[in-house]
1. Could you tell me the convex hull volume per residue, in Å³, taken over the Cα atoms of the range 55-104?
2. Across all directions of projection, what mean area in square nanometres is found for the Cα convex hull of the range 1-101?
3. Which whole-number percent gives the relative contact order of the range 1-49, counting Cα pairs below 8 Å spaced six or more residues apart?
4. Where does the range 35-81 land on Rg/Rh, using Cα atoms and the Kirkwood Rh?
Amino acid sequence: MSAKLMASTFTEIYRIVKRIPAGRVLSYGDVAAMCKSPVSARTVGWAMSVAPDGVPWFRVVNHRGELSIGKRSVALADLQRHLLEAEGVAFMASDRVNMERHRWRPRATQQPHHARHATNKRSTGATRRSPVR
């Protein structure tokens with residue numbers, strides 16, 4: 001990935017992450033799916049590891065609700081947990097965010113890119129042509 005493409009991809013990721021309301025979280029994969037360009041969950045993780053001030057990086061967790069940053073630094077995982085708990089995010093006994101309760105679900109007009117794409121495919125399937133006789 002070129003530096004210019006990476007910068008624009010990270011900017012798009014940061015724009016999405018800034019929209020996550022306090023007390024809500026998304027998974028790395030959720031953020032990737034909301035991007036207009038094809039982005040992997042791993043790329044979202046890279047972007048979060050170098051997020052500038054003003055980007056609430058701590059609101060992005062793995063798909064199981066775990067704090068993946070703990071693999072790099074226990075201190076950062078403690079900070080992430082503290083910031084999330086301060087916003088009212090509940091953790092389950094397994095040290096996972098309760099994703100069912102705290103996952104952000106944007107309005108239908110802001111569906112992830114892949115969801116919009118799937119909806120469009122379904123709607124076009126309903127307009128089949130009649131067989132030629």
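1. Values: hull volume 4.1 nm³, N = 50.
Spread over its residues, the Cα hull of the range 55-104 gives 82 Å³ apiece.
2. Numbers: hull surface 25.2 nm².
Computing the convex hull of the Cα atoms and averaging its projections yields 6.3 nm².
3. Details: 33 pairs, mean separation 17.3, N = 49.
Relative contact order here is 35 percent.
4. Working: Rg = 11.0 Å, Rh = 11.4 Å.
The Rg/Rh ratio comes out at 0.97.
Just so you know, all these numbers are worked out from the coordinates, no wet-lab data involved. Remember, it's a predicted structure, so these values are computed and weren't measured experimentally.
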